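The values are calculated or read from the model by the stated rules, or taken from the named source; none is laboratory data. Because the structure is a prediction, the values reported are computed rather than measured. Quick reminder, even Gly has a Cβ in these numbers, built from the backbone with ideal geometry, and neighbours come from all protein chains shown. Calculation scope for accessible area: heavy atoms of the full protein, side chains included, ligands and nucleic acids excluded. Shrake-Rupley method; radii C 1.70, N 1.55, O 1.52, S 1.80 Å.
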Amino acid sequence: MSDDLERAVAAYREATREEPSDRGVERLELALRRPPRRRSMAVYVLPMAAALLVGSAWGSGALSRWFGGHGEDVVVPAAPQPSFATVPMPVPLPASVASEVPSALPVAPRSVPPRPAPAAAPRDLDALYRQAHDAQFTAHDPKAALTAWDRYLAHADPSARLLLEARYNRALTLRDLGRTAEARAALQPFAEGDYGAYRRDDAARILQGLP
Amino acid sequence: MMLALVSSAPQLLTSDPPSRRGSEADLVRRTVAGEHDALLTLYRTHQHRVRAFARRVLGHEGAADDLLHELFLHLPRTLANYRGEAPLGSFLVGVAARCAQHHVRSSVRRRRAEGEAARQPPPSSRTPERDLERQQLAARLAEALDHLPLDQRIAFVMCEVEERTSVEVAALLGERDGTIRGRLHLAKKKLREALATKEQP
């Protein structure tokens, strides 16, 4: 190896050397404490049971009676809207987002007490996460990403697998949108170690760079 | 010459002292059985080496943290296939190398998002001139490494930066020794050119 490369490797090795530490232990402990996500037997059994029921009903002609028709004009009920579009957000949203979101969401009647959004099934939650992640890192559309992250966080319960990642990425979108004060508030807990070492240094560095 | 290409005997793969291997084998068994304490002990023992490797391969601290976290979160399942052929630390680095592919794209995006400074090795608080020169050298190499294909970067980091033999790296990655040597040769050729180019005024 040439002298230059050899010297560069030695310098690089030294600069990137790591000492034993507890960095990341809290994050790992937190993740280990979360209950394992096991698929309930219902996931497999219910669709099979539904298929059997519909099949036998179709064969016996009961299906058309259920829908009040005569067999030929069976009306298939429309698929329900995704649950996130019909439930109120349980977390307070920043004013500017809150002003945008309600126009897309039906307003709950005043007589109905607000209830928190039900936690989405892990697979749905992963899909929401993927949407938000794609909006942020593939489409580079911070506005869409922020809406998607808020949607994910509204449906994620405190033990959600990617909760911290979502919060952190949401903070980055706030920064990308120039909403510095909100970004600062969102990054502060990371920088102060509220979540252990997870993103502590990154958040601190970004905070330093904020105007 | 720090070249690690020399074909060395495979016994290098089992260079840990027997007592440590004994206790580590117990930790491995307990981790596979789902004992979190054992897993955390393994994490505390090995995380710095795996993280250093991940940083060198991904060029981003946050991405390295994610890889490390994911690797250890799935460790009970991964270790079910561990037969003690290599020291555990090296085995884990091999696993990290195989996981790196999934983290490269995100590390590139995040580096762009967070600014290029994130990939540079952290500057030392000591700043005599010699240190400064070493930091600059390290930074130039870090930048040149970013332009290597991942497989060449992994081969270079494992062989040259972390001083493993090509035989050991081949065993850890499940590749042939010749393949690793070839990647290393190409990596060094490109890095030499990159460093020479940067030196010109």
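Some notes on this structure:
- Among the residues making up region B:54-69, those that are under 18 Å from B:Ala139 (Cα atoms), at pLDDT 90 or above and within 9 Å of another protein chain (Cβ to nearest Cβ) are B:Arg55, B:Arg56.
- Residue count for region B:39-53, restricted to those that are more than 10 Å from every other protein chain (Cβ to nearest Cβ) and surrounded by fewer than 20 Cβ atoms within 10 Å (Cβ to Cβ): 1.
- Of all residues making up region B:25-43, the number that are over 15 Å from B:Arg83 (Cβ atoms), under 23 Å from the mean Cα position of the chain (by Cα) and in contact (Cβ under 8 Å) with a residue 24 or more places away in the chain: 3
- Scanning region A:175-189 for residues being open to solvent by less than 30 Å² (accessible area, probe 1.4 Å) and in contact (Cβ under 8 Å) with a residue 24 or more places away in the chain gives a total of 1.
- Looking across A:Arg7, A:Arg34, A:Arg13, A:Arg23, one residue alone is modelled with pLDDT of 85 or more, under 30 Å from A:Ala197 (Cβ atoms) and within 14 Å of chain B (Cβ to nearest Cβ). It is A:Arg13.
- So A:Ser2, is it at the interface with chain B (Cβ under 10 Å from one of its Cβ atoms), in contact with a Lys or Arg (Cβ under 6 Å, 6 or more places away or on another chain), at pLDDT below 80 and closer than 30 Å to B:Phe156 by Cβ: yes
This table checks each residue for (1) open to solvent by 20 Å² or more (accessible area, probe 1.4 Å); (2) at pLDDT 85 or above.
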| site | (1), (2) |
| --- | --- |
| B:Val108 | yes, no |
| B:Ala142 | no, yes |
| B:Asp146 | yes, yes |
| B:Glu162 | yes, yes |
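- Qualifying residue in region B:75-88 (condition: touching a residue at least 40 places away in the same chain (Cβ under 8 Å), acidic (Asp, Glu) and buried (at least 21 other Cβ atoms within 10 Å of the Cβ)): no
- Residues of region A:166-211 classified as within 19 Å of A:Ala132 (Cβ to Cβ), among the β-branched types (Val, Ile, Thr) and away from every other protein chain (no Cβ under 12 Å), total: 0
- Tallying residues that are of a type in the set (A, V, I, L, M, F, W, C) and in contact (Cβ under 8 Å) with a residue 60 or more places away in the chain within region B:170-199 yields 4.
- Scanning region A:179-206 for residues that are closer than 18 Å to A:Pro142 by Cβ and not charged (D, E, K, R) returns A:Thr180, A:Ala181, A:Ala183, A:Ala185, A:Ala186, A:Leu187, A:Ala203, A:Ile206.
- If you filter region B:89-106 down to residues that are free of Cβ contacts under 8 Å to residues at least 40 places away in the same chain and within 14 Å of chain A (Cβ to nearest Cβ), you find that the one that is most open to solvent (accessible area, probe 1.4 Å) is B:Arg105.
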